[in-house]
Amino acid sequence: MKKVFIILSLSFFTLTLFSQQKNETSLRFLPHWIPQAQFAGFIIAYEKGIYKKNGLNVELITGGPNRSSLDWLKEKKTDICLAWLSSALQVRDKNVKLINIGQLIQRSALMLVAKKGNGIHSIKDMNGKKVAMWQKDFRIQPLALFKKFNLKVEIFPLSETQNIFNRDVVDVTSVMLYNEYHLLKNSGYDEKDLTIFRFQDYDLNFPEDGIYVLEDFFNKNEKVCKTFVAATLEGWKYAFSHEEETLQLVMKYLTKAKYAANEMHQRWMFRQMNKLFQPSDGEKIGELREKDFQNVVKTLKESGYIKQNISFKDFYRSPYGSP
Amino acid sequence: MVRLRNSLAVKLIFSILAVSGIIFVFIFGSNFSRSHEILLKNVRLNAKHLSLATVNKIEIILTNVEKIPYTLAYHLEHSTLTKKEMLNLLTSVTASSNEITGVTIAFEPGLFAGVKGEFAPYIYKNNGTLKTVYLKSPENNYRIKDWYLIPKELGKAMWSEPYYNVDNNSKILATFSAPFYLNKNGKRICAGVVSAEIDLHWLEQIVKNVKLYKNGYAFLISHDGTFVTHPKKDFIMNETIFSVAEKYNDSAVRKFGQEALHGKSDFIFLKQFLDKKNIWLYYIPLLTNDWSLGVVIPDDELMADLNALTKYILFYNLLGAILLIIAIAFLANRITRPLKKLAAATDEIAGGNFNVAIPEMKSKDEVSHLAISFNFMKISLRQYIDNLMETTAAKQKMESELKIAHEIQMGILPKIFPPFPDRTEFDIYAVIEPAKEVGGDFYDFFLLENSFLYFSIGDVSGKGVPASLFMAVTKTLIKASTSINFPLNEIIAKVNNDLCVENDSSMFVTIFFGRINLKTGEVDFVNAGHNLPFIVSLNGEVKKIEKTGDIAVGIVDNYQYQLAKIKLAENDTLFLYTDGITEAQNNLDELYSEKRLEVFLDSQRLSSARELVLNSVKEVKRFSATAPQSDDITSFVIKWIKPMEND
């Protein structure tokens, strides 16, 4: 989802250059996108030595558009990965026994945005309009929404840029709150010119980034997995209270991975992450709520993305104890 | 001494400086603003021409590139090419252009004869050789790419946003894509897109050359506000004009970005652009690709010449002001120095020193005229004062002599009361209240043979020394001429004759002359034109002595005066007076008059002689109040108490 369409020649860049200590457990971790503020907590936990302190020797694998984190997990090219709940459920439906061991983003950052100038002020106004969407899992919620409101829309593929929206090929586009929405603002759109549709407002809230491992791996390394999640959450907490330091590190990672690094954009993303992490019930961060889980399962089943019944108990291991 | 702030020099300096200051500010201000306007106008024009030239330069290159996709699209629409022919064509156009780095002909799936599904040959330059790639899903799903999708959907050829080279992040590329069409079943449908890709490195060089003033620069922003070129390398492809506006929290910059992206052109002032300097910005759209060129001119450099000129003008104006102050001070001093000397001389003169020299003036201006007049005034004043001093001395001398004369005059009148302390049968008292000048009133009394009391009262005509001398002579003559055997009228006749002799000044004197027989109360008298005395009885009767009709003494030689007689009762009072009483005036110019006197006397019948005399003077003064006394007031009272016992 990076604005600039870079497909880096993918090469691992190994961050574990330090000599490994005796009691350390090695772990490989892959996020589902390029290094950015979306993954600040992991970077902090690594850079500030929180993983090390907890006896973990974590390898942060650089993510990117051509690295599907769930594929890598399935293929055991990584031990732990980040993925959307809806994506993970579909993989689980295909009998890959993965489990969620921590849920970071509680609310959908995915949104639909339209230009008021094109006459779209309410959800009904989207009927008959052209809508740009990314592929696959990015379409689940929009399609469910259109079905729910019985809207006929013409769908356009959305690439790495919002140019088809900027050039008025489409009337409605998809954005991530923490990413493209800010980029739109930085292409000159004022908030007042845009109509925003948030899925949580239409009972289609999908928790997004969650931490996944294969069940087998978890059963063998339960303590290590829980330590990883706890250390990661500690990293996030540290990050949220140390914005400047965190942003500096994020910028360093972005530059190192040869991505355009815009500090204001990362700052925006980071601040949105803080909001998206906070559960609506004000409880601890990092937990998957059963209600949210059931809502996603229901939507996926209704839309035919999954067929099996997946139980919350089987799918989720709370970082704070038994679910 | 004059206080500094009151001095003429300071006042002149302040008022002239104030006026010239206002004039200067006005001229300078209008000149400055006009110069500023002209400067801005010229800079705007310069920036405009430079921008237009730059935009032209860019657009010529871009337009040249555009020709290739257009031409290819035309070929594709009007001829059927085999795959080989197509590749040859692609190869030759890619090789023929310096700017173009690659060309693609991308078909909608199945629309290229002989190929099922996607067909999109892409020929690009790589280290001097040409390589061919067939774009295919899923790795290269060209149909969702902006360069393909947008022109196809919008049905028009257009430039893409700039993007980084896939293999090499340092190269910024842009693509011009033109859709081409086929007729299928009588319907014109989009068959695909031809695109030419160029490396934008030359753009940076062109824009870099746009420079107004030392630190001026230019930048290019793309259709979504992304910096394509900027002197700051990390801005390029990484920041948009809006992200920069967000970073520096500058809404003016954001507004400029929105205007620029709407294809507008303007010359604007931006305060503390990117948190630094104030700048002027000229921006103009590139019509070919909807980008915008901004030309930045630092305000301080733009204003440098004008500011230098301003400083120069201010410096010389300051110098001028100083010269003006000196000139005014000099001039004021030239004016005030003689004036100060004059003032000092005046102070001396005021102090009484008329010998002080009035300073001489070399110049022939108003001040020297003043000095001449002043000198003339001094001389006149001195003469006047000399005269005055002489006159005053003479007057003082005369006054002192008059005073002596008056004292002598008064000295010859009997002034000791009671004059005959052992005599109880009569009471006598008199007083003269002199006016300011020496007057001619007199009174006198004396006893002869113990039982005859001679008395006289007189008033000489006129005033001053002659009158007082005439009075003295009269009084002396009367006394000298009196003898017990002479009747009173003869005595007065003799006095009259004596006074008439050589009376060149025609003076005369009124006299009431009488003799009381103290044994009988019989009074003989002569009245030579004098005010008639009153007789105040104890019982309250006040009566005037009857008139005799005789004239004053000293007028007619050998005049026969008549003797008259009256008889006093015991305790009768004889009130004698001069016209200083009856003719006394009050503030309303009324006379005291005999009538008032009569009323007064009526209230005084129990008074002693002394009381009556003093009361009468008091009464007249009361009447006169503040009116000046113009004549001597003489009050003379004889009270016959009882007959004298025989010796």
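The values are calculated or read from the model by the stated rules, or taken from the named source; none is laboratory data. Everything numeric here is computed off the predicted structure, so don't read it as measured data. Using ideal geometry, Cβ is built from the backbone for each residue, glycine included, and neighbour counts are taken over all protein chains shown. Just so you know, the surface numbers come from the protein's heavy atoms only, side chains and all, with ligands and any DNA or RNA stripped out. Shrake-Rupley method; radii C 1.70, N 1.55, O 1.52, S 1.80 Å.
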Inset, instruction - Would you mind stating whether A:PHE138 is under 25 Å from A:LEU70 (Cα atoms), out of contact with any Gly (no Cβ under 8 Å at 6 or more places or on another chain) and either outside the structural domain of A:MET264 (by TED's automatic domain parsing) or aromatic (Phe, Trp, Tyr) (or both)? - result: yes
Legend entry - Candidate set: region B:192-214, residues that are buried (at least 22 other Cβ atoms within 10 Å of the Cβ) and in a strand (DSSP E or B); chosen: the one nearest to the chain's Cα centre (by Cα): B:ILE198
Legend entry - Hits in region B:15-52 - residues which are touching a helix residue (DSSP H, G or I) at 6+ places or on another chain (Cβ under 9 Å) and either under 25 Å from B:LEU318 (Cβ atoms) or open to solvent by 90 Å² or more (accessible area, probe 1.4 Å) (or both): B:ILE16, B:LEU17, B:SER20, B:GLY21, B:PHE24, B:PHE28, B:ASN31, B:PHE32, B:SER35, B:HIS36, B:LEU39
Legend entry - For B:LYS621: the one exception among (1) open to solvent by less than 70 Å² (accessible area, probe 1.4 Å); (2) among the charged types (D, E, K, R); (3) within 60 Å of the chain's Cα centre (by Cα): (1)
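Within region A:189-208, take every residue that is open to solvent by 40 Å² or more (accessible area, probe 1.4 Å) and either within 14 Å of chain B (Cβ to nearest Cβ) or among the hydroxyl-bearing types (Ser, Thr, Tyr) (or both) and give me the one that is farthest from A:ASP168 (Cα to Cα).
The qualifying residue farthest from A:ASP168 (Cα to Cα) is A:TYR202.
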Inset, instruction - Could you check how many residues of region A:155-169 are assigned to a helix (DSSP H, G or I) and facing chain B (nearest Cβ under 8 Å)? - result: 3
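So which residues in region B:432-450 are among the small types (Gly, Ala, Ser) and either open to solvent by less than 10 Å² (accessible area, probe 1.4 Å) or not assigned by TED's automatic domain parsing to the domain that holds B:VAL617 (or both), if there are any at all? Break it down into steps so the answer makes sense when it comes.
Initially, region B:432-450 is screened for residues among the small types (Gly, Ala, Ser), giving B:435, B:439-440.
Listed by number, the residues that qualify are B:GLY439, B:GLY440.
Does B:LEU612 fit the bill of being in the same structural domain as B:ILE457 (by TED's automatic domain parsing), farther than 23 Å from B:PHE446 by Cα and open to solvent by less than 20 Å² (accessible area, probe 1.4 Å)?
no
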Inset, instruction - Check B:LYS271, B:LYS255 and return the single one that is over 51 Å from the mean Cα position of the chain (by Cα) and more than 23 Å from B:TRP159 (Cβ to Cβ). - result: B:LYS255
Inset, instruction - Count, please, the residues in region B:217-251 that happen to be part of a loop (DSSP other than H, G, I, E, B) and more than 8 Å from chain A (Cβ to nearest Cβ). - result: 8
Legend entry - The one condition in (1) farther than 27 Å from A:GLY41 by Cα; (2) assigned to a helix (DSSP H, G or I); (3) open to solvent by 30 Å² or more (accessible area, probe 1.4 Å); (4) in contact with a strand residue (DSSP E or B) (Cβ under 9 Å, 6 or more places away or on another chain) that A:PRO142 fails to fulfil: (3)
Inset, instruction - State all residues of region B:126-162 that are among the hydroxyl-bearing types (Ser, Thr, Tyr), free of Cβ contacts under 8 Å to residues at least 40 places away in the same chain and part of a strand (DSSP E or B); if no residue qualifies, say none. - result: B:THR129, B:TYR134
Legend entry - 2 or more residues among the β-branched types (Val, Ile, Thr) and in the same structural domain as B:LEU52 (by TED's automatic domain parsing): qualifying strands (runs of 3 or more DSSP E) within region B:260-345: B:279-286, B:291-298
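Name the residues in region B:89-114 that are under 19 Å from B:PRO179 (Cβ atoms) and assigned to a loop (DSSP other than H, G, I, E, B), would you? Quick ask: steps written out before the conclusion?
Step one: filter region B:89-114 for residues under 19 Å from B:PRO179 (Cβ atoms), giving B:89-90, B:93, B:100, B:102-113.
Those that are under 19 Å from B:PRO179 (Cβ atoms) and assigned to a loop (DSSP other than H, G, I, E, B): B:GLU108, B:PRO109, B:GLY110, B:LEU111, B:PHE112, B:ALA113.
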